[in-house]
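Just below is one structure, and these are the notes that go with it.
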Amino acid sequence: MIITPIPHLDGITSRMLETPRGRVHLLQAGATEGRPVLFVHGNAASSTWWEEVMLALPVGFLALAPDLRGYGTSACLPVDATRGMRDLSDDIHSLVTTLGLHRFDLVGHSMGGVVAMQYTIDHPDDVSSLTLVATGSPYGFGGTKDLDGTPCWPDYAGSGAVDQPGILPPAASGRPQRHQRLFAPPPPQTVGCWCSRVPAPQRRRPG
């Protein structure tokens, strides 16, 4: 499949960066020396998802939105699923280091929200604020119903969890604390590679 880059909105600039963890496509808008806000897109999306929001920031902010690995036009690299979201959050840290950012506001949507949470856990001193937009749950995709991660169904249907010893938390007493369960990795055999690129959505222009 050949993916043709779509035109960006006026005020959005696009560039490719080489980081220690791979090539990253980055969108940027706003004041070059402004307060940085880093936007992380979700699954089946790309940095383009944030363009309107980036342009809506007040004067004095620098909006940055990368394509995660395997999305948009960033490098198509494998993901070790046993690390949870850490491959993606480590990519963000590599990008942040390459850009020379010291503190920034972090915004994540859907899966990007889970990546942002992992980043904040690993690098709390980097993050001035964390904003989650319709974020994914740290307990899995759609299988829990409250802040304690209570399953909607006893077999965790819809959560993406696998019914294997040591993977699913106990249903009653003895469940690990929330901070222990947060981003618990899947079974070691589930190592994946996101090598089919997700094209950016098409945008209609007036006229």
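No lab work stands behind these numbers, since they all come straight from the coordinates. The structure displayed is predicted, hence computed values, not measured ones. Here the Cβ is made from the backbone with ideal geometry for all residues, glycine too, and neighbour counts use every protein chain on show.
Based on the mean of other beta carbon atoms within 10 Å per residue, what is the order of 83-90, 11-18, most packed first? Mind dumping the intermediate values first?
Working: 83-90: 20.5, 11-18: 13.1.
The most tightly packed comes first, giving 83-90, 11-18.
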State, to one decimal in nm², a quarter of the convex hull surface area for the C-alpha atoms of the stretch 24-108, i.e. the direction-averaged projected area. 5.4 nm²
How far, in nm, would the chain grow between GLU18 and ASP155 when pulled straight, counting 0.36 nm per residue and subtracting the alpha carbon separation? 45.0 nm
Evaluated at q = 0.10, 0.17, 0.19, 0.21 Å⁻¹: base-10 log I(q)/I(0), Debye formula over Cα of the stretch 1-156: -0.36, -0.99, -1.21, -1.44
LYS145 to ASP80: extension gain in nm, 0.36 nm per residue of separation minus the Cα-Cα distance? 20.7 nm
Using 0.36 nm times the number of residues separating VAL127 and ARG103, minus their current alpha carbon distance, what extension gain do you get? 8.1 nm
